[in-house]
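This report concerns only the one structure given below.
The values are calculated or read from the model by the stated rules, or taken from the named source; none is laboratory data. Every value quoted in this text rests on a predicted model; they were computed, and no experiment measured them. Cβ sites come from the backbone with ideal geometry, for glycine too, and all protein chains shown count toward neighbours.
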Amino acid sequence: MDQYWFLDEGIKVFGLYGGDKDGNCACANPECNAAFKHPIASNWQHTPMWSDEQLEVMEMSGQFDTGYGVIVNGLIIIDVDARNGGVKSFEKLCKDLNTDFLGIAGLAVATGSGQGSMHLYFKAPEGVPLMQHHKEYEGIDFKSSGFVVGPNSKHASGNTYEAIHGSPGELDDAPQCLIDLLKKPDTHRADYKGAPIDVTDSDISEMLSFVDSDCDHEVWYRCGMAVHDATSGAGFDIWDNWSSKGKKYPGSAALEKRWHSFGKSGSPVTIATLMHYAEEGGYQQSVTFKPTIEFEIEEEENKSGLPFSIEGVDLLRPPEFVGQVTKWINEQSRYPRENLAVAAALTAVGNVVGMRYTDDLDGVNANLFCFCVAGSGTGKEAVQQAQAAIHRAAGIHGATHGAIKSEQEIIRNLIRNQMAAYIIDEVGIFLQKIANAQKKGGAAYLDGVIGMMMSAYSKADGFMLLTGDTKDEVQKAMMQELASCRKSVSENDDKTGAYQRRIPQLERSLQQIDNGLERPFLSMIGYTTPVTFDGLITHEQATNGFIGRSLLINERETNPRAKRRFKKAPMPESMEYTLKALYSGGSFDQDCNRVEYYGPKIEIKTEAPAVKMLDAALDWIEDEAEKHKERTGLEAVVRRGYEIMAKISLILAAPSGVRTSEHVRWAFAMMQRDIEEKTRLAYANEREKDSPHQAMAAKILNLINSDHGETLGVICNRLRPAKKEEVEEVLKSMEENNLIKSQQTKSKYNGKVATKYFSVL
């Protein structure tokens, strides 16, 4: 039995360090005494569900050679430790509860320490807080959090964790008698920054007491969602009692209706959001209020040269709600398109929250420019369709467009709706037209399109000035709409009140027409192929505002394997409801005829540790820009990294209402990769003539990474018309300089062994 048995059942696993013959841990820390139990990843608590390709690379690099850890999430494991009297206590437990726990366990594992020590696996009930220790049963841990070492792993004694019987697929619910024994009274198991904590009703009420019950609607709404999430829907009276103290209290019936709506959404708001609001009001955590996970291994010192460690950050799996959206998008494609799914999720959620939310530090907006580079016929269309479905679910589909035809059309789209969200296929062809026209000196029309897009993109918090003719056109369109609205109201043809609400908005816009379009929101995600796109990223293109400010997402696998018996997964009702709530700010009074919001923006608060990380990241960006100023002249690309990082972290944080260090860490990792790929492409194209070998090395590094390798044949095909001998020479030099490494890999499809090259960066 190995780690795949657990992965097949949706149970997360991670690699462990081994040890030497003297019992020392392979982590090389002389102070570590956790040989064969030390997680390789310092933030193992946030282990994702690995993709097949990631597992293949992890296996090749030896991360599972000595064993693996099993994350105890949704499980309860009776951990019997013979050294501390656990065997006798286990006999007493079976007798007291009249249950043969060894016999009924879906999976029973004899641990490497022997003498009767074992792990007995059961499923745990959802949302029920359980004690890890019981004073009547010394030597037994009842684990419902943390991790255990999996079967078939090695033990420091030289023994192996051996399965006694069963498998992960045979797990049953834990007996009720065990749950009753371990159930904590008057507490709720809640999620706090990815770790389970136990809170009581009085804990939650105390936190709420530090938040003004007459706070703005957004805070009040999120407090309710946090209470609902923390109590699994059992805390309505807590929220109702707190709300009733405010002057805006709408009554228990109105709250109850809203409360039930929380249950329909996969709430992205947790107790961490409520705690943040409470701490702003002076709340201090009790010393007894702490996570139930005991972190056995402290995070290692950051030696990466980065402002903070990004070890373990999985760029295929964004945190929290954006991660859920990413997973659903990838489920819409017959081919695994995980990188494209991330890009589409970030852009889509950014569009949903963009007109209503900003951050509290820099006032950034959530609109993105994004270029997705992937091979032809590999599933781009399915990802585009999935993003369009997200727009429909949120109610912003009327502002979604599939092409850019002219400068005038962009203006017309921003007149019809405050938002213009572009999802463009084959955007590389559009960029090629611009590049070719510029070479021939005839790019005035196309340059006007780019200029208009950049103007709208940067004016999401202001006014975009219009030319005289355009101003007349906008004014005419608004006056026609105003006349139509007034007519509908006067003829009692306004059943929902939408036209009546629209009239003052139009009157206000007409009064301010000389200022231009108010707060236009423009975003774009474009899909293209490496052949079309890569050669376009010259020094000039990389440093200009359009591509320089864009996020570059590269899907390296050009021959993805189709998912067998593929069937698109329907959008979960909870996701659809959450998208609607995010767009409307929880008010659900938006009109479907126009996508707009001109009210005050909601500031997403940033936790103190995240503020420090953002400041450290900015220092790092400025230092990196100085290096590029000397080496490549691409400092403008690096400097724009902060804006990209701030936007991404805002998008990640908007659903929960608080920007945390985890949001910043993930956004920084994405931004760092983006800078590396854009600067390598631009450098390679710039040095093609005067330093072809350096240019080729940069291109190779954009074809591979530490997780995705390619064979010599594939690399030669992608670098045509370069000769095979030249490619081999560059690969050899790069390997000698420790930029890449070659590994023998066995295909899981045909069993053939081939040499692949991976980046070591």
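The figures follow:
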item	result
Selection within region 506-531 - polar (S, T, N, Q) and surrounded by fewer than 18 Cβ atoms within 10 Å (Cβ to Cβ)	Q511, Q512, N515
Qualifying residue in region 145-157 (condition: among the basic types (K, R) and in contact with a helix residue (DSSP H, G or I) (Cβ under 6 Å, 6 or more places away or on another chain))	no
Yes/no for G15 being surrounded by 15 or more Cβ atoms within 10 Å (Cβ to Cβ), within 14 Å of S153 (Cβ to Cβ) and in contact with a Lys or Arg (Cβ under 8 Å, 6 or more places away or on another chain)	no
Residue in region 95-108 that is free of Cβ contacts under 8 Å to residues at least 12 places away in the same chain, of a type in the set (G, A, S) and either within 22 Å of E170 (Cα to Cα) or touching a strand residue (DSSP E or B) at 6+ places or on another chain (Cβ under 8 Å) (or both) present	yes
Those residues of region 499-538 which are at pLDDT 80 or above and among the hydrophobic types (A, V, I, L, M, F, W, C), in sequence order	I503, L506, L510, L517, F521, L522, M524, I525
Qualifying residue in region 317-331 (condition: in a loop (DSSP other than H, G, I, E, B), of a type in the set (D, E) and farther than 29 Å from R519 by Cα)	yes
Condition met for Y457 (modelled with pLDDT of 90 or more, hydroxyl-bearing (S, T, Y) and farther than 30 Å from P570 by Cα)	yes
Single residue of A366, A389, A421 found to be in a helix (DSSP H, G or I), within 22 Å of the chain's Cα centre (by Cα) and not hydroxyl-bearing (S, T, Y)	A389
Residue within region 699-711 that is polar (S, T, N, Q) and more than 31 Å from the chain's Cα centre (by Cα) present	no
Residues (assigned to a loop (DSSP other than H, G, I, E, B) and either buried (at least 20 other Cβ atoms within 10 Å of the Cβ) or in contact with a helix residue (DSSP H, G or I) (Cβ under 8 Å, 6 or more places away or on another chain) (or both)) located in region 172-198	D172, A174, P175, D186, K193, G194
Which numbered condition F371 fails, given (1) under 23 Å from Q324 (Cβ atoms); (2) assigned to a strand (DSSP E or B)	(1)
Residue that is surrounded by the fewest Cβ atoms within 10 Å (Cβ to Cβ), among those in region 138-154 that are at pLDDT below 90 and part of a loop (DSSP other than H, G, I, E, B)	E138
Sole residue being within 30 Å of S656 (Cα to Cα), touching a Pro at 6+ places or on another chain (Cβ under 6 Å) and either without any contact (Cβ under 8 Å) to a residue 24 or more places away in the chain or not assigned by TED's automatic domain parsing to the domain that holds L7 (or both), chosen from D203, D186, D198	D198
Selected residue (criterion: modelled with the lowest pLDDT) from residues of region 728-756 that are loosely packed, with under 15 Cβ neighbours inside 10 Å and of a type in the set (D, E, K, R)	K748
Any hit, region 647-661, residues being in contact (Cβ under 8 Å) with a residue 40 or more places away in the chain and over 23 Å from the mean Cα position of the chain (by Cα)	no
Of the criteria (1) crowded, with 17+ Cβ neighbours inside 10 Å; (2) within 21 Å of the chain's Cα centre (by Cα), which one I621 fails	(2)
Residue check for Y68: buried (at least 17 other Cβ atoms within 10 Å of the Cβ), closer than 30 Å to G312 by Cα and in contact with a helix residue (DSSP H, G or I) (Cβ under 6 Å, 6 or more places away or on another chain)	yes
Candidates L650, L614 - the one that is in a helix (DSSP H, G or I), closer than 30 Å to F262 by Cα and among the aliphatic types (A, V, I, L, M)	L650
So R665, is it in a helix (DSSP H, G or I) and over 30 Å from K580 (Cα atoms)	no
Qualifying residue in region 515-523 (condition: in a helix (DSSP H, G or I) and more than 20 Å from V383 (Cα to Cα))	yes
Single match in Y583, Y499, Y598, Y577 (criterion: in contact with a strand residue (DSSP E or B) (Cβ under 7 Å, 6 or more places away or on another chain) and either assigned to a helix (DSSP H, G or I) or in the same structural domain as G657 (by TED's automatic domain parsing) (or both))	Y598
Subset of region 199-239 (residues that are outside any helix (DSSP H, G or I) and either crowded, with 18+ Cβ neighbours inside 10 Å or modelled with pLDDT of 80 or more (or both))	V199, T200, F210, V211, D212, S213, D214, C215, D216, T231, G235
Considering residues of region 115-126 that are assigned to a loop (DSSP other than H, G, I, E, B) and in contact with a Gly (Cβ under 9 Å, 6 or more places away or on another chain) only, the residue modelled with the lowest pLDDT	E126
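Here is a yes/no grid of residues against (1) surrounded by fewer than 20 Cβ atoms within 10 Å (Cβ to Cβ); (2) assigned by TED's automatic domain parsing to the domain that holds V595; (3) assigned to a helix (DSSP H, G or I); (4) free of Cβ contacts under 8 Å to residues at least 40 places away in the same chain:
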position	(1), (2), (3), (4)
M453	no, yes, yes, no
A456	no, yes, yes, no
A483	yes, no, yes, yes
D494	yes, no, no, yes
P504	yes, no, yes, yes
F533	no, yes, yes, no
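Here's the yes/no breakdown for (1) surrounded by fewer than 18 Cβ atoms within 10 Å (Cβ to Cβ); (2) under 20 Å from the mean Cα position of the chain (by Cα):
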{"residue": "H628", "(1), (2)": "no, no"}
{"residue": "R631", "(1), (2)": "yes, no"}
{"residue": "E643", "(1), (2)": "yes, yes"}
{"residue": "V664", "(1), (2)": "no, yes"}
{"residue": "M670", "(1), (2)": "no, yes"}
{"residue": "A682", "(1), (2)": "no, no"}
